[in-house]
1. Within the stretch 199-218, identify whether any single residue is in a strand (DSSP E or B) and farther than 29 Å from residue 137 by Cβ, and answer yes or no.
2. Kindly establish whether residue 70 is outside any loop (DSSP other than H, G, I, E, B), of a type in the set (Gly, Ala, Ser) and in contact (Cβ under 8 Å) with a residue 60 or more places away in the chain.
3. Looking only at residues that are touching a strand residue (DSSP E or B) at 6+ places or on another chain (Cβ under 9 Å) and over 19 Å from residue 251 (Cβ atoms) in the stretch 201-221, which one is nearest to the ligand (Cβ to nearest atom)?
4. Can you tell me which residue within the stretch 108-125, out of those that are surrounded by 15 or more Cβ atoms within 10 Å (Cβ to Cβ), free of Cβ contacts under 8 Å to residues at least 40 places away in the same chain and not in a strand (DSSP E or B), is farthest from the ligand (Cβ to nearest atom)?
5. Of the residues 12, 68, 51, which is touching an Asp or Glu at 6+ places or on another chain (Cβ under 7 Å) and either closer than 23 Å to residue 266 by Cβ or not hydrophobic (A, V, I, L, M, F, W, C) (or both)?
6. Go through (1) away from the ligand (no atom under 16 Å from the Cβ); (2) in contact with a strand residue (DSSP E or B) (Cβ under 7 Å, 6 or more places away or on another chain) and name the single condition residue 147 misses.
7. Which of the residues belonging to the stretch 246-264 are within 16 Å of the chain's Cα centre (by Cα) and more than 13 Å from the ligand (Cβ to nearest atom)?
8. As an exercise: evaluate residue 259 against (1) in contact with a Lys or Arg (Cβ under 8 Å, 6 or more places away or on another chain); (2) in a strand (DSSP E or B); (3) surrounded by fewer than 16 Cβ atoms within 10 Å (Cβ to Cβ) and give the number of the one condition it does not meet.
Amino acid sequence: MIIIPGSTSTALADKIVKSGGYEKADVERKAFPDGELYVRIKTDLRGKDVLTVCSTTSSSSVVELLLLLAAVRESEPRSVKCLIPYFGYSRQHKKYNEGEPVSSKAITLALERFCDSLITVDIHDEQTLSYSSKPFSNIRIEKPIGDYFSKKRIDYVFAPDDGGAAKAESVAKLLGVENRHMEKKRIDSNMVEMQLPEARLQGKNVLLVDDMISSGGTIIKAHKLLHDAGVKKVYVCAVHGIFANGSDARIASVADELVVTDTVEGKFSKISVAESIVGFLK
Ligand code: R5P
């Protein structure tokens, strides 16, 4: 299989190439003076099985992925898989108000046009998978999180809301500890209200797990509740570290450790999803 890396996922693509024993394509990309993107795949893809690897962390990365997929299709490969480690625009997975688009559906329909199947990692809501007419798989990342934190002394795994409860439960099972979730009410895109559940937390070590950190509002509030309840250490972990407006620095300054995966590549990407992806592909 030949891997086509998008510029948002170069390190992860390299790990997938190494771990799966795949080949990496030579891709040229540049921006025109007006900011438009140019891509060219210099490796011959005719008759080959191809996998694009590109997180859609920004609007321009959506365009880059579309251009890469279109270039792949022009090269007449045997098959095309599209891996989107972090699927941007996935939070609007349904219409909340009249006149809104279902953003995750719009992106899915645009991408599926160029590939035979789609793969993503811990998508915000699996409803998005149903919008594709092609096979669309979601890889859940729990084992690598469990492995990383098995070296720490964790007493509880907490989710900051009920949507994250299943992930917290799975990670807690891997660590052999109890899990809980908080009650969260979102006031606006930056403000959330939260309540702590019943648990004996004084002097305990808690791992706070979420699918993604964006503004950081959810995690900072959850951290404060745990801290005020007398928790000794709060470890923060999410699959996707979007870290809008520098929220990583704010979280890192209060948490005992901040860890995310490499679906979004950055300073705190200490857990790799590469092995899980290769396991899925094979
Ligand atoms: C919400 O349902 C998600 O699981 C995350 O908790 C949320 O998207 C995090 O966003 P923020 O960091 O902006 O609070």
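1. Checked against the condition, which is being in a strand (DSSP E or B) and farther than 29 Å from residue 137 by Cβ, the stretch 199-218 yields at least one hit.
2. On the way: outside any loop (DSSP other than H, G, I, E, B): yes; of a type in the set (Gly, Ala, Ser): yes; in contact (Cβ under 8 Å) with a residue 60 or more places away in the chain: no.
Taking the combined requirement at face value, the residue does not satisfy it.
3. Filtering first and then ranking leaves 201.
4. So in the stretch 108-125, the residues surrounded by 15 or more Cβ atoms within 10 Å (Cβ to Cβ) come out as 108, 111-112, 114-125.
From the residues that got through so far, the ones that are free of Cβ contacts under 8 Å to residues at least 40 places away in the same chain too are 108, 112, 116-118, 120, 123, 125.
Then keep just the ones that are not in a strand (DSSP E or B); that gives 108, 112, 116, 123, 125.
Details: 108: 19, 112: 24, 116: 30, 123: 11, 125: 9 Å.
The residue in question is 116.
5. Values: 68 fails: touching an Asp or Glu at 6+ places or on another chain (Cβ under 7 Å); 51 fails: touching an Asp or Glu at 6+ places or on another chain (Cβ under 7 Å).
Step by step, each of 12, 68, 51 is checked, and only 12 is touching an Asp or Glu at 6+ places or on another chain (Cβ under 7 Å) and either closer than 23 Å to residue 266 by Cβ or not hydrophobic (A, V, I, L, M, F, W, C) (or both).
6. For residue 147, the exception is condition (2).
7. Correct list: 259, 261, 262, 263.
8. (3)
Every read-out reported here was derived from the displayed coordinates using simple, explicitly stated rules and does not represent laboratory data. Bear in mind that the values here come from a model prediction, so they are computed numbers and not experimental data. Backbone-built Cβ (ideal geometry, glycine too); neighbour counts: all protein chains shown.
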